[in-house]
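The values are calculated or read from the model by the stated rules, or taken from the named source; none is laboratory data. Here the structure is a predicted model, which is why all the values come from computation and not from measurement. In this analysis, Cβ positions are derived from the backbone assuming ideal geometry, glycine residues included, and neighbour counts consider all displayed protein chains.
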C-alpha cells in the first residue's frame, strides 16, 4: 500500500481535561501572576519561584533546574518543572501562557527523547486560586493551538505533549468551559490543516472529500458536493469561469446543520480557491507559493461547521464553500470577459486575479435563493488592500446591518480574534457599476471597499457581513497561540457568532 502523502487531516490535538487523577511521569506546571501572588495564595512553591526570579509576565516560562528540585525535595514529581506567567490575568494573557507552556513542554519532550530518556508527554497544570471558566478556557485554547505542527516528511514525528490535566477539583462550569474551548480550538486546528495542505494534493475534489468525511464523522452535520456538470446545469458562471483554466474542475461544497427546534438560520460562505496563480493576470512568482492558503476562509467555514454541530448549538446553519483552482491555460477566463452568475447578474472581468469575488457571487446568489436564511456572512482572503489597511493580525468587517456587525466583532472578542469595522462607502458604488454589464469585477478605488460593494450586489438585501481575512489568515512567525503557516483565523469567530445567533 502506498504511503499517504499528507499527515492525517484533521491532525491530532492535545487532550485537555479539568481534574482527573495524577498520572505516572507527568510534569507539573505552576501558573501564576508573580512570586508575590504565589506567596499571598500560600503556595508551597512561592519560595522556589522567588529564588528563580520569575516575574509572572504573560507568556514567561521559567524552567526549574534539576538541581533546584533535588535540593528541595527527594520526590521530584511533587515539584514543578515550569513556572508559567499570566500577567494581569486577562483571558488573552492566559491564552498566550497556555501556548508558551505547550511549546516549552514539547521542547523538553524532544530533548529527553534525543537523550534516550523517557518522553514526558503528560503535563499537570496548577492554575491560580480563583481562576474562572473564561481564563481556563483561554488557557486551553493556547495549549491546543500553541504546539500545532504541520509537516510533510518521511521522518518520524517529533515527540510532543499529548495530554494536559488541570490539577485540583474544578467546578462543573470550569469543566464544561474547558471541554468547549478544546472543541472550538480544534476548529482552528482543522482550518490550519486545510490551509497548510499543499496544492499538488489539495484540489477542489480533495477539499470536498475532506469536508464530506468531516460531516460523516460529525453527528448532525451533512454534506453535499456539487460537481462541474451540476454547476454548468445551474449556471454558476463565476465558478466555471475561474475554474475553467485548471485540469481540476470546481466543486461547490454544501454543509448543513439542522437542530430540532431551531428558529434562526445563518448562512456562511467561504472562499475555497485551492491555488491561485492569478490566472492570465498572473501573480509575481516570489509569493505565489503562499497561494496554497487562498482557501483559508473556506477551510475556516468547514471547520466551524464541525464545531457548531459538535457543540449542538441551537441554530440552523448552512455553509457553502465554492472551490476552484485559478490557473493559466488556453481555457482560462480573460480580462474583458462578461460572466453571468447564478441568478442572472453579470460581471465585467477586469482582472482574473480578483477571482475570489467571482466564486463568492455565485455562492451568495445560490445560497440566498435556495435556503432563505435570516442573515449571511461571507469570509475570504479577498484583497491585498486589507493587509495594507489593517496589517496581519486583524480582519476587516463590512456589513449592511449594525447588529450583525456588532455580533461579529463581539464573537471575535470572545474567541480571541481581532476584527475592525470597515465602511461601505457609497461614493464608490458608481465605480462598481459597469457600462456593458451589471457590475465591474475589479473596480477602481479602495480595493477592500469596492470588493465589498461588489459582493453586496449579490447579498439579496438580507443582513449581510463580509469578512476579509487576507492579512491574518497566514502568519510568518510565532506569536501568542499562532504558529507560522495557516492560522485558522475566523473559524473560532464563526463558532461564537453561531452561538450568539441562537
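Before moving on, here are some points about what is shown:
- Of the residues 437, 459, 452, the single one that is within 18 Å of residue 389 (Cα to Cα) and in contact (Cβ under 8 Å) with a residue 40 or more places away in the chain is 452.
- For segment 178-203, the candidate set comprises residues that are within 19 Å of the chain's Cα centre (by Cα) and over 21 Å from residue 380 (Cα atoms); within that set, the residue that is surrounded by the fewest Cβ atoms within 10 Å (Cβ to Cβ) is 179.
- Residue list for segment 470-502, restricted to those being closer than 11 Å to residue 296 by Cα and crowded, with 24+ Cβ neighbours inside 10 Å: 470, 472, 473, 486, 487, 488, 489, 490, 491
- Within segment 387-409, the set of residues being assigned to a helix (DSSP H, G or I), assigned by TED's automatic domain parsing to the domain that holds residue 477 and in contact with a helix residue (DSSP H, G or I) (Cβ under 7 Å, 6 or more places away or on another chain) comprises 407, 408.
- Residue in segment 480-497 that is closer than 30 Å to residue 287 by Cβ and either over 18 Å from the mean Cα position of the chain (by Cα) or free of Cβ contacts under 8 Å to residues at least 40 places away in the same chain (or both) present: yes
- Residue within segment 309-328 that is under 16 Å from residue 277 (Cα atoms) and either surrounded by fewer than 24 Cβ atoms within 10 Å (Cβ to Cβ) or outside the structural domain of residue 448 (by TED's automatic domain parsing) (or both) present: yes
- Only one of the numbered conditions (1) surrounded by 20 or more Cβ atoms within 10 Å (Cβ to Cβ); (2) within 15 Å of the chain's Cα centre (by Cα); (3) over 23 Å from residue 316 (Cα atoms) is violated by residue 467, and that is (3).
- Condition met for residue 183 (assigned to a helix (DSSP H, G or I) and under 23 Å from residue 98 (Cα atoms)): yes
- Residues that are under 21 Å from residue 132 (Cβ atoms) and crowded, with 21+ Cβ neighbours inside 10 Å, drawn from segment 34-57: 38, 56
- Selection status of residue 267, within 20 Å of residue 226 (Cβ to Cβ) and over 17 Å from the mean Cα position of the chain (by Cα): yes
- Filter result (outside any strand (DSSP E or B) and either touching a helix residue (DSSP H, G or I) at 6+ places or on another chain (Cβ under 9 Å) or under 22 Å from residue 141 (Cβ atoms) (or both)) within segment 13-36: 13, 14, 19, 20, 22, 24, 25, 26, 33, 34, 35, 36
- Matching residues, segment 159-174, being in a helix (DSSP H, G or I) and surrounded by 18 or more Cβ atoms within 10 Å (Cβ to Cβ): 174
- Any hit, segment 425-434, residues being part of a loop (DSSP other than H, G, I, E, B), touching a strand residue (DSSP E or B) at 6+ places or on another chain (Cβ under 9 Å), within 19 Å of residue 339 (Cα to Cα) and in contact (Cβ under 8 Å) with a residue 24 or more places away in the chain: yes
- Residue within segment 377-399 that is more than 30 Å from residue 476 (Cβ to Cβ) and in contact (Cβ under 8 Å) with a residue 40 or more places away in the chain present: no
- Residue 120 touching a residue at least 40 places away in the same chain (Cβ under 8 Å), over 21 Å from the mean Cα position of the chain (by Cα) and within 30 Å of residue 41 (Cα to Cα): yes
- All positions within segment 41-71 that are modelled with pLDDT of 90 or more and part of a helix (DSSP H, G or I): 46, 47, 48, 49, 50, 51
- Filtering segment 199-242 to residues that are over 29 Å from residue 350 (Cβ atoms) and in a strand (DSSP E or B) leaves 221, 222, 223, 224, 225.
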